[in-house]
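Have a look at the structure below, then the notes.
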Amino acid sequence: MSHPTLRADGSDPQQETARLAALASTGILDTPPEASYDAITRLVAESFHADWVGISFADEGRIWVKSFWGQPMRELPRKNSIFDLVLAQDGPVVIPDISKLPELNGHLLSHKILGASFFAGVPVRSFDGKILGLLVIYCREPRLELTTEELRVLEGMANMVSNELELRRLHNKISGQKKVRRANSKTEANHSWPCKADLRRALDLHQFVLYYQPEVELSTRRIIGLEALIRWEHPERGLIAPKDFIPLAEQNGLILPIGDWVLDEVCSQIQRWCSEDLNNSSLKVCVNLSARQFSRNGLTDHIHALLLRSGISSRQLGLEMTESSLIPNLNTAKEVLGSLRKLGVSLLMDDFGTGYSSLSNLHSFPFDVLKIDGSFVSRMNDGDQPLQIVRTIIELARVLGMDVVAEGIETCDQYRVLRQLGCRFGQGYLFARPMRAQAVNCLLQLPGRVLPNPDGSSEQREEPKDFAAGSGSNIRSTVSLQAKS
């Protein structure tokens with residue numbers, strides 16, 4: 001890489017105006033620190049053995065530090081900053097030993113404050129490519145250039161920040177649109193279907209059912225789990241997807257009895273599978289808890305009672321939750337998760353990356369499995385950034401010692417890329433669509449529970465691993481009470 005040079009007057013005026021507009025749309029400046037970003041800086045510091053790590057954003061005249069690890073620092077002047085070096089380079093800047101660059105030594109303010117000799121900064125971009133900030137590491141002593149792999153990991157972490165920014169921008173945009181629509185939709189909502197009475201009737205008449213979708217080990221195509229999705233079998237309207245009734249159930253409180261039915265049905269189903277085939281004795285079922293379920297008193301006692309009634313052990317039940325179910329009260333979340341962990345059940349984070357608190361939750365709470373949201377998988381071939389996001393999530397799970405499952409695999413190309421990235425488990429239409437429990441029984445009876453190659457070829461597969469011990473030994477079934485299809 002060529003030696004960086006300091007800019008005298010910042011960016012091109014038109015480019016700078018566009019960059020500042022993109023920065024403003026995220027609403028990131030002048031906001032309180034967020035633990036999700038702290039998780040990134042801490043992870044980078046540990047991975048690179050850095051003395052200081054920061055995530056910062058630059059407006060016209062300042063570098064505003066959103067998160068740091070090491071010496072406290074919240075704001076720096078933009079003049080003579082490493083941000084302008086990254087902006088001028090339009091990419092990463094690595095300075096192994098600043099003492100060997102007299103044109104920079106003595107000019108970078110952060111060098112004087114931190115007493116650092118080594119710098120490495122990578123851009124944090126908007127999804128349309130504008131550099132909004134940077135992820136930077138500092139070391140007091142000189143060190144070697146970063147390897148290609150090290151730089152890729154650092155850029156992947158910066159892309160994780162970019163993803164959080166894009167979600168924030170979309171959230172701000174959608175919130176503004178919802179405010180405009182809300183007044184117009186109030187009258188229509190009073191006459192919409194279904195209403196609370198419809199949901200109550202469906203529950204009383206046992207019209208809710210569970211459909212299951214296989215989860216496979218990508219290297220062998222062996223079925224190692226199932227995700228179960230709730231459906232409403234309406235006698236007149238047919239099969240209704242959860243997105244058309246779960247949000248209403250959340251609003252009117254019926255999600256609690258519906259969730260209780262799901263928990264009971266799952267415990268009963270796992271007991272039936274075990275009684276029908278002793279090979280299913282290790283079968284684990286994971287139930288997705290809604291925000292209301294998660295925050296209610298007595299959840300642990302309720303689940304304990306269901307386990308005792310069905311005769312299955314706590315190891316056979318896992319509980320899956322989305323980031324949104326944890327956000328309302330993080331202190332309560334920690335307390336509830338702690339009691340569930342003591343009960344012995346497994347804990348899973350669903351739809352990872354679609355909320356703002358994901359990284360903080362991973363460090364704060366004892367999750368066992370991380371599920372990559374299908375929206376990231378579907379965009380892997382849209383460019384380098386979506387692919388880097390998936391790569392970073394897989395690497396993050398590996399560093400934290402968690403299993404990772406990619407959702408929404410629909411093409412052979414996605415299947416191939418995920419295997420190349422080291423993703424161990426996945427699910428999606430490429431392997432099988434959701435089906436009733438009776439159809440699942442047929443799949444579980446396949447030799448080795450191995451599904452056919454989705455591309456129809458006779459590709460040699462790896463021998464299935466022995467899943468008789470450890471967390472990977474269990475068939476995992478996830479019952480979602482979110483508005484998934």
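Counting heavy atoms of the protein chains alone, Ser295 has an accessible area of about 70 Å² for a 1.4 Å probe.
When each of the peptides 432-442, 366-376 is scored by the mean number of other C-beta atoms lying within 10 Å of its residues, the order from highest to lowest reads 366-376, 432-442. Each peptide among 36-43, 236-243 gets the average number of other Cβ atoms lying within 10 Å of its residues, and from highest to lowest they stand as 36-43, 236-243. Site pair Met435 and Lys100 shows an inter-label distance of 6.1 nm when each label is modelled 7 Å from Cα along Cα→Cβ. On a per residue basis, the convex hull of the C-alpha atoms belonging to segment 213-363 measures out at 148 Å³.
Among Asp59, Asp350, the order of accessible area from largest down is Asp59, Asp350, computed with a 1.4 Å probe on protein heavy atoms. Here the calculated FRET efficiency for Leu308 and Leu446, from their Cβ-Cβ distance with R0 = 30 Å, stands at 0.35, rounded to the nearest 0.05.
In sequence order, segment 208-216 has phi-based couplings of 7, 9, 10, 10, 10, 10, x, 10, 10 Hz under the Karplus curve 6.51 cos²θ - 1.76 cosθ + 1.60, θ = phi - 60°, and Gly or Pro positions carry x. Taking 7 Å steps out from each Cα toward its Cβ at Asp204 and Arg237 produces label points 1.8 nm apart.
Put a dot 7 Å past the Cα of Asn329, heading toward its Cβ, do the same for Gln14, and the two dots end up 5.4 nm apart.
Segment 74-106 and segment 244-267 have their alpha-carbon centroids 54 Å apart. Working note: Karplus 6.51/-1.76/1.60 with θ = phi - 60° gives segment 235-249 the couplings x, 10, 8, x, 7, 10, 6, x, 4, 8, 9, 5, x, 5, 4 Hz, where Gly and Pro are set to x. Compactness of segment 15-69 is given as radius of gyration and Dmax, 12.8, 37 Å, from Cα positions. In plain terms, the C-alpha convex hull of segment 376-428 casts an average shadow of 3.1 nm² when viewed from every direction. Taken over segment 209-275, the percentage of Cα pairs per 10 Å bin, counting from 0 up to the bin with the maximum distance, is 17, 40, 31, 12, 1. For Asp368 and Arg143, what is the calculated FRET efficiency with R₀ set at 45 Å and r taken between the beta-carbons, to the nearest 0.05? Approximately 0.80, to the nearest 0.05. Sorting 143-150, 422-429, 158-165 by average packing, meaning the other beta carbons within 10 Å per residue, from highest down gives 158-165, 422-429, 143-150. Rg and Dmax over the alpha-carbon atoms of segment 44-169 stand at 13.4, 41 Å.
The values are calculated or read from the model by the stated rules, or taken from the named source; none is laboratory data. No experiment lies behind these values; they were computed from the predicted model shown. Positions of Cβ are generated from backbone atoms using ideal geometry, with glycine treated the same way; all protein chains shown enter the neighbour counts. Accessible surface is based on the protein model in full, side chains and every heavy atom, while ligands, DNA and RNA are left aside. Shrake-Rupley method; radii C 1.70, N 1.55, O 1.52, S 1.80 Å.
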